[in-house]
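The values are calculated or read from the model by the stated rules, or taken from the named source; none is laboratory data. Note that this is a predicted model, so its numbers are computed, not measured. Please note: Cβ atoms are built from the backbone with ideal geometry, for glycine as well, and neighbour counts cover all protein chains shown. We work out accessible area using only protein heavy atoms, side chains counted, and drop any ligands, DNA or RNA first. Shrake-Rupley method; radii C 1.70, N 1.55, O 1.52, S 1.80 Å.
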Amino acid sequence: MAGTIRVGTSSWADPGFVKEWYPPKMAARERLPWYAERFEYVELNSSFYAVPDRTTVHKWVEETPAGFVFDVKVHRLLSRHSAQLESLPPELRDEAETTGRGRVTLKPSLETALAQRLVEETAPLAEAGKLGAYLVQLTPAFGPGRHELDELAGLVAALKPHRVAVELRHRGWLRDKRREATLGWLSEHEVAFVGVDAPPDDHFSIMPSDFDAVTDDALAYLRLHGRNTDGYLKGKSVAERFAWRYEDEELEEIAGRAQALAEQAGEVHVAFNNNRGDDAPTAAQRFRALLGQAPAGEEQLRL
């Protein structure tokens with residue numbers, strides 16, 4: 001039996017969504033319940049910038065129906081992006097070391113403490129059966145040669161036994177003989193490989209869109225970044241980098257990829273990250289309709 005394909009967006013509170021997708025003047029507290037009437041899955045994006053408060057997480061659980069799933073982006077420091085001291089939980093700041101530019105230095109003890117704090121604060125999701133995976137969206141600077149995947153072993157261990165998915169953003173991890181070693185490491189650590197739909201270019205920071213893999217039988221993952229090469233490489237804002245309105249044939253192509261992955265994994269998460277205006281949620285709704293998943297009560301959107 002094919003696995004379940006869950007479709008959603010890489011945030012529910014993106015400014016473009018608020019401006020163009022949600023009903024005008026909708027209160028912030030009403031957005032997640034409204035979103036959850038249309039989708040059964042979402043990526044939590046705010047956790048990339050700060051560890052959420054457990055009380056707030058409890059509210060998210062209460063505002064979503066049974067069966068709704070959140071994938072949680074780990075803090076930017078854990079995914080090897082630069083982070084300021086103020087982004088850490090207050091109790092972790094005193095012992096953290098910073099560079100001359102005020103960027104936090106990631107050390108094993110801090111990595112473990114921050115990861116454990118994230119797990120603790122998002123525990124209500126796990127307790128309610130609504131935690132999908134912790135998503136590690138690595139910086140393109142984390143590339144082979146300068147780094148080894150074993151550097152992520154401590155982070156993965158701190159997040160287990162929950163599911164972990166890793167999005168590599170340096171093309172070198174999948175080049176030539178290194179591809180087999182990369183996938184082998186992910187499989188050995190039961191970490192889901194994150195496939196992408198990305199612009200057609202071989203720049204080192206753009207992962208290939210023609211490659212999918214299942215490295216964790218429980219979960220396969222696709223993140224859709226749009227196909228705007230110039231914007232992806234030169235854009236200054238999220239809207240500029242990921243601006244893309246998917247055409248029908250493009251969604252059909254991605255649906256084929258998701259269905260192929262569903263033959264190998266228990267679940268497939270498809271996250272639309274083409275966050276300009278309402279591009280992501282409208283594409284995700286069309287994609288759900290293509291898969292026959294349009295919510296009951298809504299007009300069936302046909303491609």
Quick one: which residue in Arg175, Arg179, Arg163 is of a type in the set (Lys, Arg), open to solvent by 30 Å² or more (accessible area, probe 1.4 Å) and touching a strand residue (DSSP E or B) at 6+ places or on another chain (Cβ under 6 Å)?
-> Arg163
Could you please tell me which pairs satisfy a Cβ distance under 9 Å, a separation of 6+ or placement on different chains, a first residue in segment 153-165 that is over 20 Å from Ala271 (Cβ atoms) and free of Cβ contacts under 8 Å to residues at least 12 places away in the same chain, and a second residue that is of a type in the set (A, V, I, L, M, F, W, C) and open to solvent by less than 30 Å² (accessible area, probe 1.4 Å)?
-> Ala157/Ala115
Given (1) out of contact with any Ser or Thr (no Cβ under 9 Å at 6 or more places or on another chain); (2) within 30 Å of Leu222 (Cβ to Cβ); (3) free of Cβ contacts under 8 Å to residues at least 40 places away in the same chain; (4) surrounded by 17 or more Cβ atoms within 10 Å (Cβ to Cβ), index of the condition Arg146 fails | (4)
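Here's the yes/no breakdown for (1) modelled with pLDDT of 95 or more; (2) aliphatic (A, V, I, L, M); (3) closer than 15 Å to Ala2 by Cβ:
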| residue | (1), (2), (3) |
| --- | --- |
| Thr215 | yes, no, no |
| Leu219 | yes, yes, yes |
| Arg241 | no, no, no |
| Trp244 | no, no, no |
| Glu253 | yes, no, no |
| Leu261 | yes, yes, yes |
| Phe272 | yes, no, no |
